[in-house]
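First comes the structure, then the notes that go with it.
The values are calculated or read from the model by the stated rules, or taken from the named source; none is laboratory data. Just so it is clear, the model here is predicted, and its values are computed rather than measured. For neighbour counting, all protein chains shown are included, and Cβ atoms are generated from backbone atoms with ideal geometry for every residue, glycine included. Keep in mind that these areas ignore ligands, DNA and RNA; they rest on the heavy atoms of the full protein, side chains included. Shrake-Rupley method; radii C 1.70, N 1.55, O 1.52, S 1.80 Å.
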Amino acid sequence: MGTEWFDLTGRVALVTGSSQGLGFTLARGLAEAGATVVLNGRDAERLAGAVERLRDAGLDARGYVFDVTRREDVAAAIARIEREAGPIDVLVNNAGIQRRAPLEQVEGAVWREVLDTNLTAPFLVGQHVARGMIARRAGKIINICSLMSEVGRPTIAPYTAAKGGLKMLTKAMATEWARHNIQVNGIGPGYFKTEMNRALFEDEQFDAWIRERTPARRWGAPEELIGPAVFLASDASSFVSGQIIYVDGGILATL
Ligand code: GCO
């Protein structure tokens, strides 16, 4: 097998929530593999800065501001992206938020905000992008799951419920859309030093716990997610569907 199996040249890849963090790293990695990347965010200034960084690196990037939790915004944005950038070949449902509190104190509005962003948005964006993929009989969807798709930890129940749902939505999408040559899979990151986790890695006790609990004895580097993403976005994974690849330093393999 040559490297051409992993070549994304000529493919259009939409990455939601990609102004910063893991989403930006994934967009950069897919662009470095040849894709035209379409970045998304809710903050126009931050999104423009992210697009500029990729363009300054000689990569083909564009940005579209839209709220992935609102059906009308998603419908209009996907139509505009496909008019301006071309049909979407790869969708990475990355946008996500984290809200931490003891379960018995979680407000209804917080529950709804987390479920809307982490689970309903992948459904909405996936549904609108898949319609074109079905018509073209080809597509790749990658849902960014989590260790919390498999296990819980105190104070993150809404996120855990959403990411567990996203794992099963990934399997449901795979079940219905594989017949249209659309492969739907997930990536489950372990613990990475992102803005969402700043409160965690800056806490000496939590940092020490992660280093002890993770067989690799360290936090992940965002770039370590790029290989699995390029694999799942490319022809190299043409018969892989409904799978979650955990990039976690071995944490889920051990007690
Ligand atoms: C937390 C973290 C985790 C990680 C990641 C692990 O509060 O424990 O935010 O949820 O971000 O999802 O896979």
Report summary line: Simple SL model, points at 7 angstrom along Cα→Cβ for Glu204 and Gln127; separation in nm is 5.0
Query raised in the report: Taking the Cα centre of region 158-255 as the origin and placing charges on Cβ (Lys, Arg +1; Asp, Glu -1), which of Leu200, Thr214, Ile244 is farthest toward the positive end of the dipole?
Result: Ile244
Query raised in the report: Among the aspartates and glutamates, which have Cα under 13 Å from the Cα of Lys193 when same-chain residues fewer than 8 positions away are ignored?
Result: Glu202, Asp203, Asp207, Glu223, Glu224, Asp248
Report summary line: Projected area averaged over all directions for the convex hull of the alpha carbon atoms of region 3-245, nm², comes out at 13.1
Query raised in the report: Which of Arg198, Arg213, Arg42 moves most in a GNM of the chain, Cα contacts under 10 Å?
Result: Arg198
Query raised in the report: Each label point is 7 Å from the Cα along the Cα-to-Cβ direction; what then is the distance between the points at Ala253 and Glu104, in nm?
Result: 3.9
Report summary line: Taking only the alpha-carbon atoms of region 73-166, the convex hull volume per residue, in cubic angstrom, is 90
Query raised in the report: Just how much of Trp5 is accessible, in Å², when a 1.4 Å probe is used and the result is rounded to the nearest 10?
Result: 100
Report task. Give the accessible area for Trp209 in Å² (nearest 10); use a 1.4 Å probe, count only protein heavy atoms, and leave out ligands, DNA and RNA. Result -> 110
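Considering only protein heavy atoms, what per residue accessible area in square angstrom results for region 3-245 with a 1.4 angstrom probe? Before the final figure, lay out each step's value.
Working: 11040 Å² over 243 residues.
So region 3-245 comes to 45 Å² accessible per residue, rounded to a whole number.
So how do Glu212, Glu204, Glu82 rank on accessible area, 1.4 Å probe, biggest first, that is with the largest at the start?
On the way: Glu212 120, Glu204 160, Glu82 55 Å².
If we order Glu212, Glu204, Glu82 from most to least accessible, we get Glu204, Glu212, Glu82.
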**Report entry** Residue-averaged 222 nm ellipticity for the chain, from DSSP H runs of 4+ at -39500 (n - 2.57), nearest 500
**Finding:** -13000 deg cm²/dmol
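Could you rank Arg112, Arg211 by how accessible they are, 1.4 Å probe, largest area first?
Numbers: Arg112 140, Arg211 85 Å².
Output order, biggest surface exposure first: Arg112, Arg211.
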**Report entry** For region 112-161, with +1 on Lys and Arg beta carbons and -1 on Asp and Glu, the positive-most of Tyr159, Pro122, Ala135 along the dipole
**Finding:** Ala135
Query raised in the report: How long are the semi-axes of the ellipsoid equivalent to region 1-41, from square roots of 5 times the Cα gyration tensor eigenvalues, in whole Å, largest first?
Result: 21, 10, 6
Requested in this report: Give, rounded to the nearest 20 debye, the magnitude of the charge dipole that the chain has about its Cα centre when Lys and Arg contribute +1 at Cβ and Asp and Glu contribute -1 at Cβ.
Outcome: 520
